[in-house]
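K.L.:
Okay, here's the structure, questions in a sec.
The values are calculated or read from the model by the stated rules, or taken from the named source; none is laboratory data. All of these numbers come straight from a predicted model, not from anything done at the bench. Positions of Cβ are backbone-derived with ideal geometry, glycine not excepted, and every protein chain shown enters the neighbour counts.
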Amino acid sequence: MAGFAMVAIGLLALVYGWIAGLEANRIYANLHLNSFYFVSLGLIGLFFVAVHAIAESGWQVSMQRVGEAMSMFIPVGGIIMLIVFLSGGMHHLFEWTHKDHLDHILIKKVPYLNQPFFYIRFFVFFAGWGLLAWLIRKTSRQLDMNGDIQYFHRLRKYSAFYVVFLAITSVVSSWDWLMSIDAHWFSTLYGWYVFSSMLVTGFSVIVIFVFVLQRMGYMKHVNEEHIHDMGKYMFGLSIFWAYLWFSQYLLIWYANIPEETIYFYERLNHFDTVFFFNLVVNFVIPFLLLMPRNAKRVYSVVIPVAVLIFIGHWVDLYQLIMPGAVGHEAAGIGFLEIGLTIGFLGLFMLVTFWGLSKAPLVPKNHPFYEESLHYHTNY
Amino acid sequence: MNKDYITAYYNDEEELLKAVRQLKDKGLEILDVLTPFPVHGLDKALRMRRSRLSMVAFWGGAVGAALGFLFQAWVFTKGYPLNFGGKPFFAIPSFMPVTFEMAVLFAAFSMVFAFLIYFKLGPGAKTVIHDERITDDRFLVVVGIRKESNYQEIEQALIATGAEGITHNV
Amino acid sequence: MYVSPIREPLIRGEKNYSQVTKDILAPMAGKPSIYWYLGISLALIALVFGAWATYQTVYYGIGTWGLNKTVGWGWGITNFVWWVGIGHAGTFISAILLLFRQKWRTSINRSAEAMTLIAIACAGFFPLIHMGRLLLGFFIFPYPNTRALWVNFNSPLLWDVFAISTYFAVSLIFWYVGLIPDLGTVRDKAKTKIRKAIYGFLSFGWTGSAKHWSRHETVSLVLAGLAAPLVLSVHTIVSFDFATSVIPGWHTTIFPPYFVSGAVFSGFAMVLTLLIVARKALNLEEYITVNHIESMNKIIILTGSIVGIAYITEFFMAWYSGVEYEQFTFMNRAFGPYAWAYWIMMTCNVVTPQLFWFKKIRTSLTATFIISIFVNIGMWFERFVIVVTSLHRDFLPSSWSMYSPSLVEVGLYVGTIGLFFTLFLLFIRVFPVIAIAEVKSVLKSSGDHQKTAHHE
């Protein structure tokens, strides 16, 4: 019931923000940040199931229920996000909604950046994600109940749909919800950068859930070999994230075109702590700590790094959103930010554990379940 | 190997694994096991240490990265500073690609050379080839004969594990 | 290790270890077939054409090419990027697929890596010849010289020098370390004294000791770990050649990952083109099965789709950015004088690979072969479109011009294709085309009769 307590802290933080008279932009930006962050964790949870289903891999089967349960948060987060937008968030977050004050550049973007179209896209994203998440979960349950191979093929088909759909929508949604905050600025890599950030966090959160479940006495069949693989994911994806970060930064730094460099100028001059914290926590620390083979196999290293990655990518998102939505005078990390994040985390945990309670933790009729159980690797 | 030894072979890696475990339990000295491909679990059965080659790669990479970075930094701040496109002389982002490549190059080469030198492998290396079939489909065990140990006893032990073609150099 | 019974076997036809050795070594023994002679003759003719073109370029200079003041990069750079791209499949297969534990890589990694090395050699030729004075090529390396001047470490072209040479060197040792045990097998199976001596020398005295194997595996694994980011870095740095500039159509942040994906895409296409022929010609159909082809086709869909998304993203961002130069460039690409090249690229790279969503097409050798050729063509045109369409419309309309290659440039391109096939055909005669030891190590878990035994 820690979850409920955490949600209470979140509500308290919201009330505090309101009473303390913090700027509305800041409150909306935090609500937006957290709903995006936790929705993306749900999306990656489902991606974990889907991508391994189409790759026909076996080792992860023993922990795929965690990913399925995380995807339960997608509609919940979607509703919160919608409420944030409808209750005035659009106005406070997105400069381009100020229809009467658009400059000559933003006027040109109106065919894409207008509210009706924005909401249409919003509904397409969530309808697609929600539907595919529901289908994948349902098929996975059916497969578990009677082990018929046709359900496995169906699972793979839905998974392929989901991966393709997510490949497109994750890019477009990141333009809509994050990049258009800095409405003048643009970068073609942006969508993939955000996706890589989501990916590494999502996989880290799966490990954390597995750890918690094992502490509670469940999931005894997950051993250090599985943790090793998750550790490798965290290590590799952290490097991949850094690679995309560097590619984007280098190209903008090198070409030195003012309308592009302004983005980093703002972040380097007014958000420098956050900017470098982002790099150190999300790249340097996982890179050095997870490099030795044995480090990837023990919870005592993997879990702290996973938690750091979780915090680090929250900060990553913070530096994507705040400079544009709030500005350096009003932005900051205080009780509002921390409390609200704890609240969202509590809600996310409640939803995920509720999801976990609805299906057996062990998908024992999955055709690759035996493989996962007897799984051990040399490297 | 200038020691007395007995060799025997097996036709299957599972037989070999079982045999190696049994021979080890009997306290026999296994000088070497020769196989046509890496047998999963054999290093555990032979109680080998984990390799330290990855440490060589790590330090090789660290040296390569440091060399690459410092050299570029020296060239552009001390050696011959030139203004390129208005960039600062000490332009960290544009030193990164070469630094990375140097790290990988040094890591890879230091490790491979360490491997070859440690095992004295190299072009034209002289090594003992016990049986030409071990690079094809035979799994050979080389058991050392100590002064005090009994030759017949070892041979019996080997036969008990299903070994074939027992030969020796004494 | 337990393997689920629903998985298809990787190696067909109830093999034992000795049979594997025999099958894989067979193409190296005896006299080459008539097709081999035919192939190498064609390749040598192409090579001679290339030699003539090289002579022309070196003797008369770059003026023999079709370049002009506005379009200063033409076929030379297009071919360079195309070849580097093709060189990405081998290391991708042997490094990234190793890290992802894809066992099917064992049948194709050796030949794919050989292709990588040859393709990098072909690629490296173009920047060298583009410098005009071939003999001064060493200027690109930082060495102490009388001018007291170092190379420009701020230039992406110099990063390329480091990236390509590191990539070649690391791929070479990765490939050779993997070859050592198999060369031991060749040595032990050799019939003549000379062969035995040569392969004995090349096999570095390999004995197959368990200790060696254990460390050999560690070395391969760490090399894979190093080569995986290296593969990404190489085409990333090639993309920097374009993307660090301020030329519309070149300066875009998506270039690094998009180039890498395109490189793997084209590399797999080339591997498919060659292996579909080679498996038949060398009687290796039981090792390189339809399953392998299908798996490669899935990677083609993946990378092809990523490339497709990147094309659309670029196009959309050109509009969204509001930068009129970007908008003009992209409209000019799609509807300008080089629109034909753009639509060839779009069809071959974005449309045709999507056919692989159908299992029937994915598992058909003929269809795969045709589509792989399409992808090869499409990826060449992608580079052509990027290089030429961005340049030929200068910022100053008075400098606008068109570009078409001269016979010399065509000769250089055909020449590298000749070189590629010559070296590949020699490779299949002197080295085992499939990693023998690696195939043996997966035979128990993924062979044919072992699979049927599991069923019973």
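K.L.:
Only one residue in A:Ile285, A:Ile252, A:Ile239, A:Ile303 is at pLDDT 90 or above, closer than 30 Å to B:Asn83 by Cβ and of a type in the set (Val, Ile, Thr). Which one? Steps first, please.
P.N.:
Details: A:Ile285 fails: closer than 30 Å to B:Asn83 by Cβ; A:Ile239 fails: closer than 30 Å to B:Asn83 by Cβ; A:Ile303 fails: closer than 30 Å to B:Asn83 by Cβ.
Just one listed residue meets the conditions, A:Ile252.
K.L.:
Quick check on the range C:306-335: of everything there that is more than 8 Å from chain A (Cβ to nearest Cβ) and among the polar types (S, T, N, Q), which residue is surrounded by the fewest Cβ atoms within 10 Å (Cβ to Cβ)?
P.N.:
Ranking the qualifying residues of the range C:306-335, first place goes to C:Gln327.
K.L.:
Something else now. Give the range C:152-190 a look and list any residue that's among the polar types (S, T, N, Q) and either within 30 Å of B:Val75 (Cβ to Cβ) or not in a helix (DSSP H, G or I) (or both), or say none.
P.N.:
Correct list: C:Asn152, C:Asn154, C:Ser155, C:Ser165, C:Thr166, C:Ser171.
K.L.:
Going by what's in this entry, would B:Lys78 be described as of a type in the set (Lys, Arg), within 25 Å of C:Ser165 (Cβ to Cβ) and not assigned by TED's automatic domain parsing to the domain that holds B:Ala19?
P.N.:
No, not satisfied.
Results for (1) under 30 Å from A:Ile107 (Cα atoms); (2) of a type outside the set (Val, Ile, Thr), shown as yes or no for each residue.
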position: A:Tyr158; (1), (2): no, yes
position: A:Val163; (1), (2): no, no
position: A:Leu166; (1), (2): yes, yes
position: A:Trp177; (1), (2): yes, yes
position: A:Phe186; (1), (2): yes, yes
position: A:Tyr193; (1), (2): yes, yes
position: A:Ser197; (1), (2): no, yes
position: A:Val200; (1), (2): no, no
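K.L.:
Can you list the helices (runs of 4 or more DSSP H) found entirely within the range B:1-86 that contain at least 3 residues being at pLDDT 90 or above and facing chain C (nearest Cβ under 9 Å)?
P.N.:
It comes to B:53-74.
K.L.:
Restricting to the range C:198-254, give me the number of residues that are over 30 Å from B:Asp32 (Cα atoms), crowded, with 22+ Cβ neighbours inside 10 Å and touching a His at 6+ places or on another chain (Cβ under 8 Å).
P.N.:
Going through the range C:198-254 one residue at a time, the tally reaches 6.
Quick grid of which residues meet (1) among the hydroxyl-bearing types (Ser, Thr, Tyr); (2) out of contact with any strand residue (DSSP E or B) (no Cβ under 7 Å at 6 or more places or on another chain); (3) crowded, with 24+ Cβ neighbours inside 10 Å:
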position	(1), (2), (3)
C:Thr78	yes, yes, no
C:Val84	no, yes, yes
C:Ala89	no, yes, yes
C:Leu99	no, yes, no
C:Gln102	no, yes, no
C:Glu113	no, yes, yes
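K.L.:
Give the residue that is nearest to C:Ile198 (Cα to Cα), with candidates limited to residues of the range B:103-137 that are buried (at least 16 other Cβ atoms within 10 Å of the Cβ), modelled with pLDDT under 85 and not polar (S, T, N, Q).
P.N.:
Going through the qualifying residues, I end up with B:Ala125.
For every residue, the table says whether it meets (1) of a type outside the set (Val, Ile, Thr); (2) in a loop (DSSP other than H, G, I, E, B).
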| residue | (1), (2) |
| --- | --- |
| A:Val305 | no, no |
| A:Asp316 | yes, no |
| A:Ile321 | no, no |
| A:Ala330 | yes, yes |
| A:Ser372 | yes, no |
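K.L.:
Still on this structure: I'd like the full set of residues that are of a type in the set (Val, Ile, Thr), in contact (Cβ under 8 Å) with a residue 24 or more places away in the chain and more than 29 Å from C:Ser18 (Cβ to Cβ), limited to the range B:112-162. Break it down stepwise before answering.
P.N.:
Taking the range B:112-162 as the starting set, the residues that turn out to be of a type in the set (Val, Ile, Thr) are B:112, B:117, B:127-129, B:134-135, B:141-143, B:145, B:154, B:159, B:161.
Retained after the next criterion (residues that are in contact (Cβ under 8 Å) with a residue 24 or more places away in the chain): B:128, B:134-135, B:141-143, B:145, B:154, B:161.
Once the filter is applied, which keeps residues that are of a type in the set (Val, Ile, Thr), in contact (Cβ under 8 Å) with a residue 24 or more places away in the chain and more than 29 Å from C:Ser18 (Cβ to Cβ), the range B:112-162 yields only B:Ile145.
K.L.:
Among the helices (runs of 4 or more DSSP H) confined wholly to the range C:191-281, which include 3 or more residues that are within 9 Å of chain B (Cβ to nearest Cβ)?
P.N.:
C:193-202, C:210-243
K.L.:
Give A:Leu41, A:Leu22 a once-over and let me know the one that is in a helix (DSSP H, G or I) and aliphatic (A, V, I, L, M).
P.N.:
A:Leu41
K.L.:
A follow-up question, please. Got at least one residue in the range C:58-66 being within 15 Å of the chain's Cα centre (by Cα), among the aliphatic types (A, V, I, L, M) and under 22 Å from C:Trp250 (Cβ atoms)?
P.N.:
Looking for residues that are within 15 Å of the chain's Cα centre (by Cα), among the aliphatic types (A, V, I, L, M) and under 22 Å from C:Trp250 (Cβ atoms), one finds none in the range C:58-66, hence no.
Table: residues versus (1) in a loop (DSSP other than H, G, I, E, B); (2) under 22 Å from the mean Cα position of the chain (by Cα).
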{"residue": "A:Lys138", "(1), (2)": "no, no"}
{"residue": "A:Arg156", "(1), (2)": "no, no"}
{"residue": "A:Ala160", "(1), (2)": "no, yes"}
{"residue": "A:Tyr193", "(1), (2)": "no, yes"}
{"residue": "A:Thr201", "(1), (2)": "no, yes"}
{"residue": "A:Val212", "(1), (2)": "no, yes"}
{"residue": "A:Lys220", "(1), (2)": "yes, no"}
{"residue": "A:Lys232", "(1), (2)": "no, yes"}
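K.L.:
Now, a different point. How many residues are more than 15 Å from A:Met81 (Cβ to Cβ) and facing chain C (nearest Cβ under 10 Å) if we restrict to the range A:173-182?
P.N.:
Selection size over the range A:173-182: 2.
K.L.:
Which pairs turn up if I take residues in the range A:141-156 that are closer than 18 Å to A:Phe48 by Cβ and look for partners that are assigned to a helix (DSSP H, G or I) and among the hydroxyl-bearing types (Ser, Thr, Tyr) with beta carbon separation below 8 Å, at least 6 apart in sequence or on another chain?
P.N.:
Filtered contacts from the range A:141-156: A:Leu143/A:Tyr151; A:Leu155/A:Thr139; A:Leu155/A:Ser140.
K.L.:
Tell me, yes or no, whether the range B:146-158 has at least one residue that is within 14 Å of another protein chain (Cβ to nearest Cβ), at pLDDT 80 or above and either within 26 Å of C:Lys444 (Cα to Cα) or crowded, with 20+ Cβ neighbours inside 10 Å (or both).
P.N.:
No, there is no match, as no residue in the range B:146-158 is within 14 Å of another protein chain (Cβ to nearest Cβ), at pLDDT 80 or above and either within 26 Å of C:Lys444 (Cα to Cα) or crowded, with 20+ Cβ neighbours inside 10 Å (or both).
K.L.:
Under 7 Å between Cβ atoms, at least 6 apart or on separate chains: pull out the pairs that start in the range A:116-137 with a residue that is more than 23 Å from A:Gly89 (Cα to Cα) and end on any residue that is not in a helix (DSSP H, G or I).
P.N.:
These pairs meet every condition: A:Ala133/A:Ser71; A:Arg137/A:Ser71.
K.L.:
What is the number of the single condition among (1) of a type in the set (A, V, I, L, M, F, W, C); (2) within 30 Å of C:Leu179 (Cα to Cα); (3) touching a residue at least 60 places away in the same chain (Cβ under 8 Å) that C:Ala53 does not meet?
P.N.:
Of (1) of a type in the set (A, V, I, L, M, F, W, C); (2) within 30 Å of C:Leu179 (Cα to Cα); (3) touching a residue at least 60 places away in the same chain (Cβ under 8 Å), only one is false for C:Ala53: (2).
K.L.:
Sticking with this one: Tally time: how many residues in the range C:167-182 are surrounded by fewer than 24 Cβ atoms within 10 Å (Cβ to Cβ), within 9 Å of chain B (Cβ to nearest Cβ) and not aliphatic (A, V, I, L, M)?
P.N.:
1
K.L.:
To continue, here is another question. Which helices (runs of 4 or more DSSP H) sit wholly inside the range C:352-456 and have at least 1 residues that are under 30 Å from C:Thr54 (Cβ atoms) and in contact (Cβ under 8 Å) with a residue 60 or more places away in the chain?
P.N.:
Once the helices (runs of 4 or more DSSP H) in the range C:352-456 are filtered for at least 1 residues that are under 30 Å from C:Thr54 (Cβ atoms) and in contact (Cβ under 8 Å) with a residue 60 or more places away in the chain, what remains is C:365-384, C:407-430.
K.L.:
Quick one: count up the residues across the range C:125-150 that are in contact with a Phe, Trp or Tyr (Cβ under 7 Å, 6 or more places away or on another chain) and within 18 Å of C:Val238 (Cα to Cα).
P.N.:
Our first condition is that a residue be in contact with a Phe, Trp or Tyr (Cβ under 7 Å, 6 or more places away or on another chain); within the range C:125-150, this holds for C:126-127, C:142, C:148-150.
Within this subset, residues satisfying the condition of being within 18 Å of C:Val238 (Cα to Cα) are C:126-127.
Residues in the range C:125-150 being in contact with a Phe, Trp or Tyr (Cβ under 7 Å, 6 or more places away or on another chain) and within 18 Å of C:Val238 (Cα to Cα): 2 in total.
K.L.:
Identify all residues within the range A:54-102 that are of a type in the set (Val, Ile, Thr) and under 17 Å from the mean Cα position of the chain (by Cα); write none if there are none.
P.N.:
If the condition is that a residue be of a type in the set (Val, Ile, Thr) and under 17 Å from the mean Cα position of the chain (by Cα), then A:Val66, A:Ile74, A:Val76, A:Ile79, A:Ile80 are the ones that fit.
K.L.:
Here's a follow-up. Look through the range A:250-264, keep the residues that are in contact with a Pro (Cβ under 9 Å, 6 or more places away or on another chain) and at the interface with another protein chain (Cβ under 7 Å from one of its Cβ atoms), and return whichever of them is surrounded by the fewest Cβ atoms within 10 Å (Cβ to Cβ).
P.N.:
Step one: list which residues in the range A:250-264 are in contact with a Pro (Cβ under 9 Å, 6 or more places away or on another chain), which gives A:250-251, A:253-254, A:263.
Within this subset, residues satisfying the condition of being at the interface with another protein chain (Cβ under 7 Å from one of its Cβ atoms) are A:250-251, A:253-254.
Values: A:Leu250: 21, A:Leu251: 26, A:Trp253: 18, A:Tyr254: 21.
Looking at residues that are in contact with a Pro (Cβ under 9 Å, 6 or more places away or on another chain) and at the interface with another protein chain (Cβ under 7 Å from one of its Cβ atoms), I get A:Trp253.
K.L.:
What are the pairs with Cβ atoms under 6 angstrom where one residue, in the range C:7-22, is surrounded by 14 or more Cβ atoms within 10 Å (Cβ to Cβ) and the other, located anywhere, is acidic (Asp, Glu) and part of a helix (DSSP H, G or I)? Sequence gap at least six, or different chains.
P.N.:
Listed pairs, sorted by first residue: C:Pro9/C:Asp448; C:Arg12/C:Asp448; C:Gly13/C:Asp448; C:Glu14/C:Asp448.
K.L.:
Moving to a separate point now. Could you tell me whether the range B:94-102 includes any residue that is of a type in the set (Gly, Ala, Ser), surrounded by fewer than 14 Cβ atoms within 10 Å (Cβ to Cβ) and either more than 10 Å from chain C (Cβ to nearest Cβ) or part of a helix (DSSP H, G or I) (or both)? I'd like the intermediate steps shown before the answer.
P.N.:
Restricting attention to the range B:94-102, the residues satisfying the condition of being of a type in the set (Gly, Ala, Ser) are B:94.
Among the residues that remain, those that are also surrounded by fewer than 14 Cβ atoms within 10 Å (Cβ to Cβ) are: none.
Looking for residues that are of a type in the set (Gly, Ala, Ser), surrounded by fewer than 14 Cβ atoms within 10 Å (Cβ to Cβ) and either more than 10 Å from chain C (Cβ to nearest Cβ) or part of a helix (DSSP H, G or I) (or both), one finds none in the range B:94-102, hence no.
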